[in-house]
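Following: one structure in C-alpha cells, then a few remarks.
The values are calculated or read from the model by the stated rules, or taken from the named source; none is laboratory data. Since the structure is predicted, the reported quantities are computational estimates derived from the model, not experimental observations. Here Cβ is always computed from backbone atoms with ideal geometry, including for glycine, and neighbour counts include all displayed protein chains. Just the protein is used for accessible areas: all its heavy atoms, side chains included, with ligands, DNA and RNA removed. Shrake-Rupley method; radii C 1.70, N 1.55, O 1.52, S 1.80 Å.
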Amino acid sequence: MKYFGFLYVGILLCISSNYAQAQSKEEVKILRNKLAKSNKNNIQKAELLLDVSRIILFKQGEFKADIDSATALNNQSRVISKNLDYKLGIGKSLLLESQITKEKGDRKKSLNIAKNALAYAKKNNFPVLQADTYAELGHYFGNEKEELLQKIKYYELAVPLYQKGKALKKEGDALKELGDFYEVMGDTKKALELFEKAVAIYKSVGYKQLQGVYTLMSGNYRTMGNFQLALQYALMAENIAEEVNDQSFQLSTIYNHLALAYYDLKKNDLALSYFEKSLNIALKYKNVDAVNTISTNLASLNYRKKNFRETLRIIKMTAKDYPPTDSASKLRQTFMFLVSYSMLKDFENAKPYYEKMLKHYRNNLEADVGLDYKLMGIIIYLQQSGQAEKTYPFLDELKEYSKKTNNIIRLSELEGMYFKSDSACKKYLPAIEHIKQYKILSDSVFNLDRARQFSDLQLKFETEKKDKNIKLLTQQGKLQETKIYNDMIIRYVFIGSLVVLALFLALIYNRYRLKQRSNKRLESQQEEINQQNELLKKLLTEKEWLLKEIHHRVKNNLQIVISLLNTQSAYLDNEDALMAIQNSQHRMHAMSLIHQKLYQSDNLASIDMSWYIYELINYMKECFGTEKKINFLLETEKVFLDVAQAVPLGLIINEAINNTIKYAFPSDRKGNVIVSLKNIGENTYKLLISDNGIGLPNNFNIEETESLGMNLMRGLSDQLDGTFNLNNENGLKIEITFTKNIEFEESSENSKTI
C-alpha cells in the first residue's frame with residue numbers, strides 16, 4: 001500500500017515576492033537616460049530619482065554600495081520635492097526611506113518611518129500612498145497564523161484605497177497577495193475568488209505577466225483536489241512565462257507547481273523533470289529556502305517510488321548544505337527522516353525523529369504548522385514498528401483534519417492506512433470496508449474521464465507548443481534565407497572590397513614612391529640649408545667677435561686718449577686748460593665704460609643703464625673725493641639701451657654730476673644728490689638728477705649761457721629726441737624725458753629667430 005500521495009499534499013512551494021518585479025535592464029537604462037537629460041529640478045526629476053532609487057534598492061543581491069546609492073538618490077528627490085512643495089513626492093520619499101532603513105537592518109526605525117509616512121499620506125489625502133504604506137506595514141509580519149491575520153488586515157485596508165486612487169495594477173497586486181495569504185490560512189475558496197479578481201484587473205489594464213497569479217491558482221486547485229485545473233493553470237503559467245521571456249526566480253516557482261501537478265496525476269517522469277528544472281533555478285539564485293523545499297519534493301518523489309535510500313541521501317544533503325529556516329520546513333525534514341528510516345526498518349535511527357515528532361504533537365508545539373505531518377509520521381512509524389494498535393487515535397484525528405480540507409487524495413490514502421492497521425490487528429471486517437472505501441475514493445480521483453481530460457489537456461498544450469515550434473522554425477527558415485542573402489551580399493561586397501583594396505594599395509604604393517622622391521629632394525635641400533646655417537652661425541660668431549674687438553679697441557683708444565690728456569696736463573699751468581682737459585677725461589671715461597661693458601657682456605646690442613649709472617657715480621666720487629660731503633641716492637630701474645642712446649645719456653649724467661660736485665655745494669656745505677631713471681609710459685623713460693644745493697644764479701638764462709656743459713646736455717638731449725628741463729627751486733633739478741629706441745631690439749629678435 002502506498003502512503004505517499006497523502007504524505008506529499010502539504011509539500012508545496014509558493015514563493016511570492018513582497019515587492020514588484022524589478023524592471024529589466026532596458027527599463028533601467030531608459031530611466032537613467034531620462035534622468036541624465038533632466039536638467040531642471042522639477043516634479044518629473046523628483047519622480048525619476050525615486051524610480052531609479054527603488055530599482056537599485058530592490059534589485060537582485062544586497063550590496064552596501066547599492067543601499068548608499070539608493071539613499072543618495074532618495075535624499076536628492078526629497079530636497080527637490082521640498083523646494084517645489086511637492087507633497088506627494090515628500091510622502092513617497094518617506095516611504096522609500098523606510099524601505100531603505102529596513103534593508104540596512106534597522107527594522108524598529110524603519111517601522112517608525114513607515115508609520116510617519118502613513119500619517120503624512122492620511123493628512124494630505126493621498127489614497128495610493130496610504131495603500132502603499134499599508135502594504136509595506138504588512139511586510140513586517142511573518143506567515144504564522146496571528147501575524148498572517150495582521151498582514152491580511154493591512155492588505156484589506158490597501159485594496160479599496162488603490163481602487164479609490166484608480167491604481168488598478170497595484171490593486172491587482174494587492175488582491176494577488178491577499179489570495180496568497182488566504183491560501184496559507186487554508187481558505188482556498190476565498191483565495192481563488194481574490195485571484196480571479198486580480199486576473200480580471202490585470203487583463204483590463206493590459207498587463208500580460210499573469211504567470212505569477214496562475215501559479216498561485218494552480219496551487220489552490222491542487223489543495224482542493226482538482227488536479228486537472230491545477231495542471232491547466234500551471235501549464236498556462238509556463239506558457240505565459242515563455243511568451244514574456246520571464247527569466248526571473250519566479251520561473252522556479254512555476255516549474256515546481258507544474259511538477260506538483262504532474263506528481264498528483266502520477267506522472268512521475270514529468271514531475272521529476274520539472275522538479276530538476278525548478279531546483280536548478282533556485283540554485284542559480286542561491287535561494288536557500290527554495291532549494292530546501294524543492295529538494296524535499298525530490299526526496300518525496302523518490303519515497304513514492306519506494307527508493308528510500310535515495311530519499312535519505314537527498315534529505316541528508318539538504319539538511320547539511322541547505323538547512324531549513326522556518327518551522328514548517330524543519331517539520332517536513334523531520335517527517336522525511338522519520339518515514340524513510342521507518343520504511344527501511346531502521347528503527348534505531350527512526351526513533352529519535354519519532355520522539356521529536358511525538359513531543360511536537362503532545363506539547364502542541366507550533367500547533368498551526370503541519371498537523372497532518374505530525375500525525376502521519378507517528379502513524380507510519382507505529383505501523384512499521386509493529387505497534388499498529390496504537391495508531392487508531394491518530395488515524396481518527398487525521399480523518400477529522402482531512403475532512404476539513406476535503407482533499408479526496410488524502411481521504412483515499414487515509415482509508416489505505418486504516419486498512420493496514422486493521423490488517424495488522426487482525427480486524428478483517430473493518431479492513432475489508434476500508435479497502436473498499438480506498439478503491440472507491442481512488443477511482444473517483446483517477447477515473448477514466450479524468451484520465452481522458454488529462455490526455456486532452458496535455459495534448460492541447462503539446463499542440464500549442466508544436467505550433468509555437470513550427471512558427472519558430474518558420475521564422476528561423478526566413479532568418480536563414482535572409483542570412484544566405486546577406487552572406488551573398490557580403491561575399492560580393494568582400495570581392496568588391498578586395499578590388500578597391502588592390503587599387504588603393506597600388507595608389508598608396510605610387511604615393512609612397514612619389515613621397516620617397518620628394519623626401520630625397522627635401523633631404524638634399526635640408527642638407528643645403530644646414531650647410532648655410534652652419535656658415536651663418538660661423539659668420540655670426542665672427543661678427544660678434546669683431547664687434548667685441550671693436551668695442552675693446554674703442555675702449556682702449558679712449559683710455560689712450562685719457563692717458564695722453566693726463567700726460568699733457570702735466571705741462572700746463574693754466575687752470576682753465578687743466579679744467580678743460582679734466583672734463584674731457586671724464587667724458588671719455590663715461591664713453592669708455594659703455595664700450596667696456598659691451599666688450600665684457602654676451603649682449604652686444606644693449607647695456608644695462610642701472611649698472612652703468614652705478615659704476616659712473618662711483619668713478620666720479622673717487623675722482624673728486626666727495627664721499628663725506630655729498631650723499632648719492634640711486635633710484636634706477638633695469639633699463640637696457642643700445643649704444644646710440646646709452647652714450648649720449650651717459651655723457652648727460654657725467655656733465656650733470658660733474659657740475660653738481662663742482663658748484664652745488666661750495667665750501668664745506670653737505671648735501672644729497674638723487675639720480676633716477678624710470679619708465680613712465682610704454683617705452684618712455686625719464687632721467688632725473690636733482691640736488692639740494694645752492695642751485696643756479698638768479699640771473700641765469702639757459703638760452704644765453706656760454707657753459708659748455710649746459711650746451712652739451714641740451715645738444716645730447718636733442719640727439720636722444722628727448723626734452724630737457726631745468727627746475728631751479730630748492731636746488732637744481734634736471735629732467736630729461738625720452739623714448740627708448742626699440743627698432744634695434746626687433747631686428748635683433750628677428751635675427752635670433754632666423
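Residue 694 versus residue 425, label points 7 Å from Cα toward the beta carbon: distance in nm?
About 15.8 nm separates the two model spin labels.
Could you calculate the contour length gain from residue 637 to residue 503, that is, 0.36 nm times the residue separation minus the distance between their Cα atoms, to one decimal place in nm? Working shown, then result.
Working: separation 134, 0.36 × 134 = 48.24 nm, distance 7.03 nm.
Contour length minus Cα-Cα distance gives 41.2 nm.
What do you get for the angle between helix 168-185 and the principal long axis of the chain? Use alpha-carbon atoms, 0 to 90 degrees, nearest ten.
Value to nearest ten degrees: 50.
Pairs of Cα atoms under 8 Å, at least six residues apart: use those to get the relative contact order of the chain, whole percent. Numbers along the way, then the final one.
Working: 896 pairs, mean separation 48.4, N = 754.
Reported relative contact order: 6 percent.
Considering only protein heavy atoms, with the full assembly of protein chains and a 1.4 angstrom probe, order 68, 269 by accessible area, largest first.
Largest accessible area first, the residues go 269, 68.
Spin-label point model (7 Å from Cα, Cβ direction): what's the residue 680 to residue 59 distance in nm?
Those two pseudo-labels are separated by 7.5 nm.
Using alpha carbons only, how many degrees (0 to 90, rounded to 10) separate the axis of helix 308-321 from the longest principal axis of the chain?
It works out to around 30 degrees.
Defining a contact as two alpha carbons under 8 Å apart and six or more residues distant in sequence, what relative contact order in percent does the stretch 48-180 show?
Working: 146 pairs, mean separation 20.6, N = 133.
Normalised by residue count, the contact order of the stretch 48-180 is 15 percent.
Could you work out how far apart the two model spin labels at residue 728 and residue 280 are, taking each label as a point 7 Å from the Cα in the direction of the beta carbon, and quote it in nm?
Going by the 7 Å Cα→Cβ label model, 12.0 nm.
I'd like the trypsin sites (Lys or Arg not before Pro) in the stretch 645-710 restricted to DSSP loop residues with at most 13 other Cβ atoms within 10 Å, sorted by number.
On the way: sites: 662, 669, 670, 678, 686; in loops: 669, 670.
Answer by residue number: 669, 670.
Can you list the residues of the stretch 217-237 with backbone N under 16 Å from a point 7 Å past the Cα of residue 208, pointing along Cα to Cβ?
237
Positive end of the charge dipole of the stretch 227-297 (Lys, Arg +1 and Asp, Glu -1 on Cβ, about the Cα centre): tell me which of 281, 295, 254 has its Cα farthest that way.
It is 295.
With Cβ to Cβ distances under 12 Å as the rule, what net charge do the other residues near residue 655 carry (K, R +1; D, E -1)?
Numbers: positive: 587, 662, 714; negative: none.
Local net charge: +3.
How do the peptides 724-737, 527-540, 296-309 rank, highest first, by the average count of neighbouring beta carbon atoms within 10 Å per residue?
Numbers: 724-737: 16.7, 527-540: 10.6, 296-309: 19.8.
Going from most to least packed, we get 296-309, 724-737, 527-540.
Between the DSSP loop rule and a limit of at most 16 other Cβ atoms within 10 Å, which chymotrypsin sites (Phe, Trp or Tyr not before Pro) in the stretch 657-716 are left? Please report the intermediate quantities before stating the final value.
Details: sites: 663, 685, 700; in loops: 700.
Sites meeting the loop and neighbour criteria: 700.
FRET efficiency for residue 106 and residue 42, Cβ-Cβ distance as r, R0 = 30 Å, nearest 0.05? Walk me through the intermediate numbers first.
Working: r = 32 Å, r/R0 = 1.08.
Given R0 = 30 Å and the Cβ-Cβ separation, E is 0.40.
Which entry in (1) 55.3, 177; (2) 29.0, 109; (3) 34.1, 124 is this structure's computed Rg and Dmax of the Cα atoms in Å?
(1)
Considering only protein heavy atoms, what is the solvent-accessible area of residue 32 at a probe of 1.4 Å, reported in Å² to the nearest 10?
For residue 32, the solvent-accessible surface is approximately 110 Å².
Taking the Cα of residue 84, stepping 7 Å toward and past its beta carbon, and measuring to each backbone N in the stretch 35-52: which are under 13 Å?
35, 38-51
What number comes out for the charge environment of residue 44, summing +1 per Lys or Arg and -1 per Asp or Glu over other residues with Cβ under 12 Å away?
Details: positive: 34, 37, 40, 45; negative: 47, 51.
Local charge sum for residue 44: +2.
Hey, what did the stretch 271-399 get for relative contact order, percent, Cα under 8 Å, at least 6 apart?
18
Please report the antiparallel percentage of DSSP beta bridges with both residues in the chain, rounded to the nearest 5. Each step should come with its number before you reach the end.
Numbers: 22 of 29 bridges.
Just about 75 percent of them are antiparallel.
What net charge is computed for the residues neighbouring residue 282, neighbours being all others with C-beta under 12 Å from the C-beta of residue 282, Lys and Arg scored +1, Asp and Glu -1?
Numbers: positive: 277, 284, 286; negative: 276, 289.
So the surrounding residues net to +1.
Using a Förster radius of 30 Å, what is the FRET efficiency between residue 69 and residue 149 based on their Cβ-Cβ separation? Nearest 0.05, please.
On the way: r = 37 Å, r/R0 = 1.23.
Computed FRET efficiency for residue 69 and residue 149: 0.20.
What number, rounded to the nearest 500 deg cm²/dmol, is the helix-based mean residue ellipticity at 222 nm of the chain, given -39500 (n - 2.57) per DSSP H run of at least four residues and division by all its residues? Each step should come with its number before you reach the end.
On the way: 28 runs with 550 residues, N = 754.
Computed ellipticity for the chain at 222 nm equals -25000 deg cm²/dmol.
How about residue 483: which lysines have a C-alpha closer than 19 Å to its C-alpha, ignoring those fewer than 8 places off in the same chain?
The qualifying lysines are 471.
At a 10 angstrom cut-off on C-beta neighbours, averaged per residue, how do the peptides 91-104, 428-441, 254-267, 41-54 rank from highest to lowest? Can you show the working numbers first?
Details: 91-104: 22.2, 428-441: 15.1, 254-267: 24.8, 41-54: 19.7.
Ranked from most to least packed, the peptides come out as 254-267, 91-104, 41-54, 428-441.
Protein chains only, probe 1.4 Å: how do 313, 78 rank by accessible area, largest first? Walk me through the numbers on the way to the answer.
Values: 313 125, 78 40 Å².
The residues order as 313, 78, largest area first.
Suppose R0 equals 51 Å. What FRET efficiency, 1/(1 + (r/R0)^6) with r the Cβ-Cβ distance, do residue 316 and residue 29 give to the nearest 0.05?
0.65
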